[in-house]
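Take a look at the structure set out below.
The values are calculated or read from the model by the stated rules, or taken from the named source; none is laboratory data. Just so it is clear, the structure is predicted and the values come from calculations on it, not from any experiment. Quick reminder, even Gly has a Cβ in these numbers, built from the backbone with ideal geometry, and neighbours come from all protein chains shown.
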Amino acid sequence: MTELLSKQNTSCAVAIVGRPNVGKSAIFNRLAGQRVAIVHAERGVTRDRLVREVLWDDRRFELIDTGGLGQLEAPGDPAILPSERLEALVRRQVEIAVQDALAIIFVTDVETGVLPQDAEVADFLRKSGKRVFVAANKADHAGRDAQAAEFESFGFAVFPVSATHNRGFKALMAAVLPTLPEMENSTQQAPLRVAIVGRPNVGKSSFINRLLQSDRVIVSAMPGTTRDSVEIPFVVGRDLQARHYVLTDTAGIRRAGKIRQAVEFFSLDRATRSIAGADVVALVLDATQGPTAQDKTIASLIQNHRKGCLLLITKWDLMTKWSELEYREALGKAVPFLSSAPAVFVSSKTGFNIRHSIETMDGVAAQISTQLPTGVLNRTLIQAYERVAPPYVKGKRLKIFYATQVGIKPITILLFVNDSTKLIPAYEAYLMGALRKTFGLEGAPIVFQLKQRVARSGTPAKKTSNHSTCPSQPWRRREPGTTRQGRVRLRRKGSPGRH
């Protein structure tokens, strides 16, 4: 797969680096022009690299936010496992960002002044050989500019800034931009946006790293290692055959009762927004644990946002109890909504089915954009209607006169009916299942919009559409003892009946 995958070009990148809690993410959000990174007073909130393409004074460049260099948690904090060396993993992410970047924005804090940690970061950046610009943050007014001068001892150009008050960034960027080459204007199609979601520690980051064959996101056995939603652009293929993607590695979605820290609330919000902004959502399940109540909750979240969905069953190399078919059947019974979604059984450790996961993402992306031929659409629904008639609801049965597709992403079908209150969820699911089978829409959401036919008098219209694919009468079965027009056959008194 190495020859097929290439990471997004970062030859015109600026990395934001510094010790924890100096305001790196706030500056990242200010320069990016939107609230992208989680900003919180807790130290070590940002752990992975966050990347955004930024337009500043008509110049495009990649901006990289990094985790803080230094101690992440208070000594003795039970949330940190020394054996995992989370600090070393964060440092590795910073090293990669510095290596990829052409210029570095070194963030410091004028309120605290120069600290030993700042000096260590300065030494690290000096050895990189990159152009470094000091953003002395929290210089909220001109009276603090003199305090920013303390950082000139590092030998880098210093610029007093305030992320809170949007102060000083014009001068900072006027110095940074000349060090960057012009980025070529891209003519490529919009990338396929895929959100990777699931419970904490089910293997989301491991899957992405295996897919990209790099330590792109921090992988740890400690649940909750990923806190922000990390967007990762990458390309499959080359030249005219190149296909562009943006993977979003989201924080693990916990049960509401287990969210104890403010940062976890922000992480949940980001994960939810990542689902809303995605074209396709990959729900990651741990094969060794099976579907849990929280998996069902996340599945409902995907369903409510009406997103194309596929399942990534990770750690399949550890599964010896069930076959793929047996697991799939059990999953469909436990979470009915997922019964139609395509499933890929993968192993991040061995690389099993990693390539197939990309092909499945492409397949779901094609499904959600499918245009259904009106004739085939109506014939499929007619046949389904004739196989299984809708049930009576308060003495009346649903009649469908005509159907037409009115939208994609999600696939939206307008049904002209006699009474919009007569379509019950079970029959709606049955009709959707018929469409999935005919058109191969396993991973695509389908939405029915009902329009009740009303005559000028205000009563339901009796005439149906004259469309060639629609029957001359509503889609319904003829009841025993009725004529073609639905009238009851009456026998004369005393006339013999059939025996």
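Note on the range 105-207: enclosed strands (runs of 3 or more DSSP E) holding 1 or more residues that are touching a His at 6+ places or on another chain (Cβ under 8 Å) are 192-198.
The helices (runs of 4 or more DSSP H) found entirely in the range 289-380 that carry 3 or more residues being of a type in the set (Val, Ile, Thr) are 293-304, 354-368.
I want to confirm something. Restricting to the range 365-415 and keeping residues that are surrounded by 20 or more Cβ atoms within 10 Å (Cβ to Cβ) and over 20 Å from Gly433 (Cβ atoms), which single residue is farthest from the chain's Cα centre (by Cα)? Per the criteria, the residue is Phe401. Scanning the range 127-156 for residues that are surrounded by fewer than 17 Cβ atoms within 10 Å (Cβ to Cβ) and at positive phi gives Gly129, Gly155.
Out of Ile302, Ile313, Ile275, Ile253, one residue alone is closer than 14 Å to Gly198 by Cβ, modelled with pLDDT under 85, aliphatic (A, V, I, L, M) and in contact with a strand residue (DSSP E or B) (Cβ under 8 Å, 6 or more places away or on another chain). It is Ile253. Within the range 416-454, the set of residues being touching a residue at least 60 places away in the same chain (Cβ under 8 Å) and exposed (fewer than 15 other Cβ atoms within 10 Å of the Cβ) comprises Gly440, Val447.
Sub-8 Å Cβ pairs linking a first residue in the range 159-177 that is closer than 11 Å to Val134 by Cβ to a second residue that is assigned to a helix (DSSP H, G or I) and of a type in the set (A, V, I, L, M), at least 6 apart or interchain, are Phe159/Ala148; Phe159/Ala171; Phe159/Leu172; Phe159/Ala175; Pro160/Ala148; Val161/Ile27; Val161/Leu172, ordered by first then second residue. When the residues of the range 311-342 are filtered to those that are touching a Phe, Trp or Tyr at 6+ places or on another chain (Cβ under 8 Å) and buried (at least 20 other Cβ atoms within 10 Å of the Cβ), the one that is nearest to Ala365 (Cα to Cα) is Leu312.
Just so you know, in the range 26-60 the residues that are in contact with a Gly (Cβ under 9 Å, 6 or more places away or on another chain) and part of a loop (DSSP other than H, G, I, E, B) include one that is modelled with the highest pLDDT, and it is Arg49.
Among the candidates Gly23, Gly18, Gly67, single out the residue that is within 24 Å of Ala171 (Cα to Cα), crowded, with 20+ Cβ neighbours inside 10 Å, at pLDDT 80 or above and out of contact with any Phe, Trp or Tyr (no Cβ under 7 Å at 6 or more places or on another chain).
That would be Gly23, the only listed residue that is within 24 Å of Ala171 (Cα to Cα), crowded, with 20+ Cβ neighbours inside 10 Å, at pLDDT 80 or above and out of contact with any Phe, Trp or Tyr (no Cβ under 7 Å at 6 or more places or on another chain).
When you look at Ala97, is it among the small types (Gly, Ala, Ser), at pLDDT 90 or above and at negative phi, yes or no? It is false that Ala97 is among the small types (Gly, Ala, Ser), at pLDDT 90 or above and at negative phi. Restricting attention to the range 113-126, and to residues there that are out of contact with any strand residue (DSSP E or B) (no Cβ under 9 Å at 6 or more places or on another chain) and in contact (Cβ under 8 Å) with a residue 12 or more places away in the chain, which single residue is surrounded by the most Cβ atoms within 10 Å (Cβ to Cβ)? Across the range 113-126, the extreme among qualifying residues is Gln117.
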